[in-house]
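Input: a single structure, listed below in structure tokens.
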Amino acid sequence: MGRLAQTDGLTEIQRDILATVREFVDKEIIPVATELEHKDEYPTAIVEGMKQLGLFGLTIPEEYGGLGESLLTYALVVEEIARGWMSVSGIVNTHFIVAHMINAHGTQEQKDYFLPKMAAGEIRGAFSMSEPGLGSDVAAISTKGVRDGDFYVLNGQKMWLTNGGTSTLVAVLCKTDEGGSTPYRNMTTFLIEKTAGFGPNPTVPGLTVPGKIEKMGYKGVDTTELVLQDVRIPADRVLGGVPGKGFYQMMDGVEVGRVNVAARGCGVARRAFELGITYAQQRSTFGKKIAEHQAIQFKLAEMATKVEAAHQMMVMAARKKDGGERNDLEAGMAKYLASEYCKEVVEDSFRIHGGYGFSKEYEIERLYREAPMLLIGEGTAEIQKMIVGRRLLEEYRIAE
């Protein structure tokens, strides 16, 4: 396994979980990942295997049928899965965010109804905040929910839903004008149950998932739009039962999602390093293995240092959240560092492979197309730096 990206202080249960996941990744994901990715084929067999391992309920409390594990355990599991194929980690990420939001903010009825089914993988979640004209400016949200007796009527268009077609539960952020005087207090999260599939939804009149968005990388997992035309949702499916709290609920979900994206960056970077250092010991030029050339050794040293630094930053951010502390500073740093380092490590591994790295026969070609998604997922590098900068000014503000 090597000495990189090790985590001190894990319990025996955590080590057992990671060993099981690592074996699953090596046997069930890595051998088929590139073929499925090139076909843009949903990894049904892999998902069924993860359900059997209980991974969809990893962080859901035991009282609801989950394993009750920490954010750190989840992040380390995601790192292992992303090492095999980043798209698979995306399948569990949005599910985990929605489960976290329901557990942290939902009513008791919502927890009792959704969490046991989510733990078993019977209900799988998607997370919907972005819109075609929204980007990082959440205050510009235009999808609207209007109260109509015991229902809300939702209209609008959402964008960039990971698992938008395959999910059966979507947490959707809408503007409702019921919470307060600022835009951030006028947003509400709705829990919409639907049937998996594309096109007009047979169980939710007015809801349409048009189809998969074609992407450069991050294939296999479906990324979609979501169109809502006079969709009627019962008022008891407002997350937490009270309108106007959606922005803060979503930001809580995004905060743990940033740790997830950092973990994905760590996993992809580690796989790129593994591929690079292996290839360097197999390929010969000028009468010796390229690993014996000083230039390649320098590159490997830089790659390994970045893999290690990103991993430790990600672990720190997860432990902060698990300890009940505010972790937006650490999560922003971890997401920024891990995604940037992932891009650099993948590119260096690509360079080590030379012309073969450009061939679809080599795994690094897939990683090279996957890494850019991490630069924008759960907020761009610029957004992370803005968050980090503001928090630093809070921490180091001088007296006037």
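Here are a few things to note about the model shown:
- You can think of it this way: the chain between E382 and E122 has 89.9 nm of extra reach, that is 0.36 nm per residue less the Cα-Cα gap.
- The distance between label points at E400 and V32 comes to 6.1 nm (points 7 Å beyond Cα on the Cα→Cβ vector).
- Gyration tensor verdict on the chain (Cα atoms; rounded if a/c is under 1.5, prolate if a/b is larger than b/c, oblate otherwise): prolate
- Accessible-area value, D222, 1.4 Å probe, nucleic acids and ligands omitted, Å²: 0 Å²
- Separation of alpha-carbon centers, the stretch 157-221 and the stretch 1-41, rounded to whole Å: 30 Å
- Among Q157, Q312, Q52, residue whose mean-square fluctuation peaks in a GNM of the chain (springs only between Cα atoms under 10 Å): Q52
- Every helix of 4 or more DSSP H residues in the chain counts as -39500 (n - 2.57), and over all residues that averages to -17000 deg cm²/dmol at 222 nm.
- Label-point separation in nm, Q282 to S359, each point 7 Å along Cα→Cβ: 1.0 nm
- Extension gain, T182-R391: 0.36 nm per intervening residue step, less the Cα-Cα distance, totals 73.1 nm.
- Couplings 3J(HN,Hα) of the stretch 80-88, computed from phi: 5, 5, 5, 4, x, 6, 4, 4, 5 Hz, in residue order, whole Hz [Karplus 6.51 cos²θ - 1.76 cosθ + 1.60, θ = phi - 60°; x for Gly and Pro].
- Coupling constants for the stretch 315-325 follow from the phi torsions by the Karplus curve (6.51 cos²θ - 1.76 cosθ + 1.60, θ = phi - 60°), and in residue order they are 4, 4, 5, 5, 5, 4, 5, 4, x, x, 8 Hz; glycine and proline get x.
- Positive-end residue, the chain charge dipole about Cα centroid, Cβ charges, pick of G240, L367, T176: L367
- Within the stretch 16-47, backbone nitrogen closer than 14 Å to the virtual label 7 Å beyond the Cα of R369 toward Cβ: 33-42
- Using R0 = 41 Å, the C-beta based FRET efficiency linking K215 and E302 works out to 0.90.
- Amide H contacts of S130: M159, each under 5 Å away and 5 or more positions distant or on a separate chain (H built 1.01 Å from N in the peptide plane; Pro and chain starts excluded).
- Computed over the chain: relative contact order in percent, which uses C-alpha pairs under 8 Å that are six or more apart: 16 percent
- Theoretical gain in end-to-end length, N155 to D8 [0.36 nm per residue, Cα-Cα removed]: 48.1 nm
The values are calculated or read from the model by the stated rules, or taken from the named source; none is laboratory data. Predicted model, so just to flag it, every value in this text is computed and none were measured. Cβ atoms come from the backbone with ideal geometry, glycine included; neighbour counts cover every protein chain shown. What goes into the accessible areas is simple: the full protein's heavy atoms, side chains included, and nothing from ligands, DNA or RNA. Shrake-Rupley method; radii C 1.70, N 1.55, O 1.52, S 1.80 Å.
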